[in-house]
Structures are given as structure tokens and as C-alpha cells.
1. So how much accessible area does TRP112 have, in Å² to the nearest 10, using a 1.4 Å probe?
2. Quick one: divide the alpha-carbon radius of gyration of segment 58-112 by 2.2 N^0.38 Å and tell me what you get.
3. Would you compute, from DSSP H runs of 4+ residues alone, the mean residue ellipticity of the chain at 222 nm, taking -39500 (n - 2.57) per run and dividing by the full residue count, rounded to the nearest 500?
4. Using a 1.4 Å probe on the protein heavy atoms, what percent of the accessible area of the chain belongs to carbon and sulfur?
5. In nm, to one decimal, how far is the modelled label at SER17 from the one at TRP112, with both set 7 Å along Cα→Cβ?
6. Under a no-solvent Debye model with one identical scatterer per Cα of segment 26-84, what's log10 I(q)/I(0) at q = 0.17, 0.18, 0.28 Å⁻¹?
7. Determine the principal axes of the Cα atoms in the chain, then give the extent along each, sorted from largest to smallest and rounded to whole angstroms.
8. Through the Karplus equation 6.51 cos²θ - 1.76 cosθ + 1.60, θ set to phi - 60°, convert the phi angles of segment 77-85 into ³J(HN,Hα) values in whole Hz; use x for Gly and Pro.
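The values are calculated or read from the model by the stated rules, or taken from the named source; none is laboratory data. The shown structure was predicted, so the numbers you read here are calculated from the model rather than taken from an experiment. Neighbour counts are summed over all protein chains in view; Cβ atoms, including those assigned to glycine, are modelled from backbone coordinates with ideal geometry. The accessibility values were calculated without ligands, DNA or RNA, using every heavy atom of the protein model including side chains. Shrake-Rupley method; radii C 1.70, N 1.55, O 1.52, S 1.80 Å.
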Amino acid sequence: QVQLVETGGGLVQPGGSLRLSCITFGSVFSRSTMVGWYRQAPGKEREFVARITSGGSTKYGDSVKGRFLISRDSANSAVYLQMNSLEPEDTAVYYCAIKVDKFDLVEEYDFWGQGTQVTVSS
């Protein structure tokens, strides 16, 4: 069964913004201890973008610091990734990943979404 879905991707010009959503189903959100965003461009390895713990602690990859913001929305059982000042290098498929039950800082995830395409181009 689908545990989460990413939405919000699309085509945007350099300097623009997009907001990605990681929408969860069932008890996944209430059980989550960590939610992360990763991205992968063609021919490249998967890259860490950001993560947030159930306590609100955040961490960002070096390439997106100061431009991206991750947040939790308990009312909607969702996690968002606000992306600002987008650059062509940000073009990739963005994936949401969720860790459940285990309370630690190990970035190992139990569920992955199918991804949403972000393309930054003029």
C-alpha cells in the first residue's frame, strides 16, 4: 500500500521557488521519527537534501543551505520542502523518505515515495 506521495514538482525558471509536499497516509506520520528529502539527477548518485525529526530538529545538505526549508504539518500529516532561489543544478527527481518508530539520529528510512520531478530551466 502507498504510504506517502510527493507533490509540487514542475518547471520553474532560475531564481524561482517551488514547494514540495510529502503527504502521508494511515499512521505513518504519527509513527514517524524522521522525514527526509533526497534528490537524484540522471547519471548522479542520490543526494541528501534535508531532514526533520519528530522533535523539529532540521539538517540540510551543503548545496541547499540558506535556500531550502523543511517543515512539518501535523494537521495535514505532511512534510514540506520550500525551495527558493532555485538553480539549474537543483534539477532532479525529489524523493520523500520516512523513518518510523526508532528514536535515534541514524538516517535510515522505512518508506520511500515515487518522487516528483523538479526542472529548473529558462
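1. 100
2. Output field value: 1.28.
3. Dividing the helical sum by the residues of the chain leaves -500 deg cm²/dmol.
4. 47
5. 3.0
6. -0.59, -0.65, -1.18
7. 42, 29, 27
8. Each residue of segment 77-85 in turn: 6, 9, 10, 10, 10, 7, 10, 10, 6 Hz.
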